[in-house]
Structure formats: structure tokens, C-alpha cells
Amino acid sequence: MQTDFRRFSGFCGALAPLLALMLALLPGVGSAADAAADGEPTIDKYGREVTKPRARGPVLVSIPVAYVFGLGSERSPLYCSPSVRAANASNAVIEELVLGLTYRTAAGHSAGSSTSRFTNIKVKRIESHFFNQLEASNCTGLSGELTVVRCVYSTGEDCSGDVEAVGFGAIPLRLKPR
């Protein structure tokens, strides 16, 4: 039994310098995270970039399609129904995106308004909202003005400044000046 204890204590004695070396290197672990937080890329010993700050991309809002519904009768009049889409081209998940849209005819008359609330839009994903009933019987010649009510990334950062309106599609959009 004594020989086993001596072997064990000898083994532990050999590990002591290794343990001391590991404890000495531990403060260096935090420096990689600190360097990434400062915006500097962190390079590992093989020259690969371990952490790299990524630029935020846009959140694109568009109306690529709009449908006309109704029978054209008094009980079921025709109305335009746009499909609002939000594409997350940024590098973070969008926790919540609330949009206000105001539609106008080619003559400048009001054609209605709608709100859309998107939640949990993953990176590189597109979410759609359908069946917004407008006061126009035809979708041709309509334009839309986009207001960003709220936009928050899952990190808690505000993404209102990253939202862009797409001026192409069934109903071209423009961002309302702030």
C-alpha cells in the first residue's frame, strides 16, 4: 500500500509544474475576448482569425406581390392585398420588427395603411405577412411609405437604422424620413 501512495505522490509532484503553467496562462484567455470586444480580430497561433467583428447588414422590407380579392359586387367589393416581406440580411437574429405602412395611389390619394409585426427573424431568412386589406380596388400604381416603429436585435441593440425599403416590386416602398 505504501508503494502505491509513493507512486501517486510522485505522479502529483510531476503534475505540479504543468498545473502552475496552466494557471499562469489563464489570464491570457480573457484577452482574446477583450480584443474581440475592442473590434480587433483575434489571431490564433496558426494565423487563423478566431474572432472577427462583423459589420451589420441591412434588413430589407419589400412588397414583391399584391393580390386583388373580392367579387366586385356591393357585398364583396374588390380590394388590393399586399404581401409585406422582411428579409434579414444582417448578422444577428431580429427579435422584433414592427412596421407601419401608408399606401397612396398614383394621384396621391390615401389607399389605406397597415402595420406588420415580425418576430424572431433568423439570419438570412425572409418572413412574410399577408392579407392587409387596402381601400383601393386595384393594386396598380400604388406606392408605400415605410415607418419603422420598433426594431430590436436579439442582442438588445436597436436595428431601426438598418431597415431599408425596397423601391421595386408590386408596390414600391420608400422609407419615411426621420
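Fewest to most neighbouring Cβ within 10 Å: what's the order for His109, His129?
In increasing order of surrounding Cβ atoms, one gets His109, His129.
Work out the length of the dipole vector of the range 59-175 about its Cα centre, built from +1 on the beta-carbon of each Lys and Arg and -1 on the beta-carbon of each Asp and Glu, and round it to the nearest 20 debye.
So the magnitude is around 260 debye.
If amide H atoms are built 1.01 Å from N in the plane of the peptide, which residues on other chains or at least 5 residues away come under 5 Å of the amide H of Leu175?
Under 5 Å from the amide H of Leu175 lie the amide H atoms of Leu146, Ala165, each far enough along the sequence or on another chain.
Going by a ≥ b ≥ c, the root eigenvalues of the Cα gyration tensor, does the range 74-176 fall in the rounded group (a/c under 1.5), the prolate group (a/b larger than b/c) or the oblate group?
Prolate.
Using 1/(1 + (r/R0)^6) with R0 = 45 angstrom and r between the beta carbons of Ser137 and Arg56, what's the FRET efficiency to the nearest 0.05? Spell out each step's value before the answer.
Working: r = 40 Å, r/R0 = 0.90.
Efficiency, rounded to the nearest 0.05: 0.65.
If we count every other residue with Cβ under 14 angstrom of Glu164's Cβ, Lys/Arg +1 and Asp/Glu -1, where does the sum land?
Neighbour charge sum, excluding Glu164 itself: +3.
Each value in this text was obtained by applying a stated rule to the coordinates, not by laboratory testing. What you are looking at is a predicted structure, and each value in this text was computed from that prediction instead of being measured. As a convention, Cβ positions derive from the backbone with ideal geometry for all residues, glycine included, and neighbour counts pool all protein chains shown.
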